[in-house]
2 protein chains.
Amino acid sequence: MKRNSRLSLALHTLSHMAFDTEDAQTSADIADHAGTNPVVVRRVLGKLRSAGLLLSERGHSGGWRLARETKHITLADVYDALGESFVAPRGQTDARTCSVAQSLEVQVSQIMKDIEESLVERLSRTTIADIQNSTKREPSHAH
Amino acid sequence: MKRNSRLSLALHTLSHMAFDTEDAQTSADIADHAGTNPVVVRRVLGKLRSAGLLLSERGHSGGWRLARETKHITLADVYDALGESFVAPRGQTDARTCSVAQSLEVQVSQIMKDIEESLVERLSRTTIADIQNSTKREPSHAH
DNA sequence: GACACCCGTAACTGCTATTGTTACAATAAG
DNA sequence: CTTATTGTAACAATAGCAGTTACGGGTGTC
């Protein structure tokens with residue numbers, strides 16, 4: 001795996017978990033299924049749990065399960081849960097250079113915030129359930 | 001500077017160059033102004049030049065100037081010029097694990113492509129000129 | 001109680017992307 | 001010829017991230 005794999009892994013896992021909402025799935029199973037490591041899975045899913053999208057249970061026959069139906073989990077929920085920030089740089093904002101630069105800096109970051117907001121709005125329009133349904137609705141998507 | 005600074009630097013520079021469209025600006029000036037390095041500037045602006053957004057001249061009294069008006073340069077132009085890909089991972093796509101995983105992988109990446117497309121569409125609606133005007137239109141943006 | 005199972009986390013490694021920096025050839029103006 | 005400036009290559013330093021090992025803390029089964 002490479003870049004942006006957290007979001008990819010999260011979506012992948014959520015979609016897959018919807019196939020079997022009864023049994024809790026272990027991080028080992030999920031990792032095996034997604035071609036990664038159990039710890040990586042726990043790291044990512046832990047954020048989803050903090051955001052209330054998943055539930056986890058420790059101990060024997062523990063594991064992960066959905067906290068609510070996939071049609072009530074939007075991509076924006078996942079995005080927010082992961083704390084990603086695609087367009088706007090996270091942190092910094094140097095306060096040096098000339099005043100023109102500072103003013104521009106403010107304007108540029110404001111624009112980036114706006115763009116990010118639009119992105120989230122777009123993400124909120126797609127649910128995990130939509131991902132599962134996408135092939136059913138459009139069997140041959142490519143060309 | 002830290003992450004995603006290329007887009008930030010590009011927008012910053014383009015906006016700033018619009019204030020003085022007559023004189024060519026050197027990468028040293030731009031770098032000084034933006035708080036970075038001339039080579040970094042040339043790397044980023046070079047991509048904008050390849051995309052036809054900027055013109056550069058070598059030699060004495062050379063430098064950089066806008067190839068067209070800022071109101072005809074959209075953020076999508078810049079984004080495309082930089083070859084960035086915020087949501088969709090660039091490259092890879094492992095072909096292992098189970099078939100369910102593969103199918104999901106396809107669906108997830110299709111969704112990400114759609115999201116990216118929406119993002120670009122949104123970016124195409126804002127021009128560099130809009131950035132400059134943003135403070136004039138909304139003097140006190142925050143609170 | 002002993003044991004097996006599973007999450008939660010810390011710590012460390014290795015890889016990759018990115019920025020910063022130096023150096024130098026190529027080009028253009030005076 | 002000298003000076004200014006881009007275009008690149010090469011390299012170092014840094015940061016983020018996936019992968020891995022290790023272990024503590026719960027929780028069910030026997």
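Things worth noting here:
- Within segment A:64-73, not a single residue is at pLDDT below 90 and either of a type in the set (Ser, Thr, Tyr) or not in a helix (DSSP H, G or I) (or both).
- Condition broken by A:Gln92, with the remaining ones in (1) facing chain B (nearest Cβ under 7 Å); (2) under 30 Å from B:Ala10 (Cβ atoms); (3) at pLDDT below 90; (4) not in a loop (DSSP other than H, G, I, E, B) satisfied: (4)
- Tally, over segment B:73-87, of residues that are in contact with a Ser or Thr (Cβ under 7 Å, 6 or more places away or on another chain) and more than 14 Å from B:Lys47 (Cβ to Cβ): 3
- Taken over segment B:46-85, the residue count meeting the criterion of being farther than 28 Å from B:Asp114 by Cα, buried (at least 17 other Cβ atoms within 10 Å of the Cβ) and among the aliphatic types (A, V, I, L, M) is 2.
- Residues of segment B:95-120 that turn out to be more than 9 Å from chain A (Cβ to nearest Cβ) and modelled with pLDDT of 70 or more, as a count: 5
- Considering segment B:16-45, and only residues there that are in contact (Cβ under 8 Å) with a residue 40 or more places away in the chain, surrounded by 14 or more Cβ atoms within 10 Å (Cβ to Cβ) and out of contact with any Asp or Glu (no Cβ under 7 Å at 6 or more places or on another chain), the residue that is farthest from B:Glu121 (Cα to Cα) turns out to be B:Gln25.
- Among the candidates B:Thr21, B:Thr13, B:Thr36, residue that is away from DNA strand C (no atom under 12 Å from the Cβ) and either over 30 Å from B:Lys113 (Cβ atoms) or in contact with a strand residue (DSSP E or B) (Cβ under 7 Å, 6 or more places away or on another chain) (or both): B:Thr21
- Qualifying residue in segment B:50-66 (condition: within 14 Å of chain A (Cβ to nearest Cβ) and among the hydroxyl-bearing types (Ser, Thr, Tyr)): no
- Of the residues making up segment A:5-37, those that are more than 13 Å from B:Glu105 (Cβ to Cβ) and within 7 Å of DNA strand D (Cβ to nearest atom) are A:Arg6, A:Asn37.
- Filter result for A:Leu55 (within 16 Å of DNA strand D (Cβ to nearest atom), in contact with a strand residue (DSSP E or B) (Cβ under 8 Å, 6 or more places away or on another chain) and assigned to a helix (DSSP H, G or I)): no
- When segment A:121-143 is limited to residues that are assigned to a helix (DSSP H, G or I) and of a type in the set (S, T, N, Q), the one that is modelled with the lowest pLDDT turns out to be A:Thr135.
- Just so you know, in segment B:5-35 the residues that are closer than 19 Å to B:Ile128 by Cβ and part of a loop (DSSP other than H, G, I, E, B) include one that is nearest to the other protein chains (Cβ to nearest Cβ), and it is B:Phe19.
The values are calculated or read from the model by the stated rules, or taken from the named source; none is laboratory data. Every value quoted in this text rests on a predicted model; they were computed, and no experiment measured them. So basically every Cβ, Gly included, is an ideal-geometry build from the backbone, and we count neighbours across all protein chains shown.
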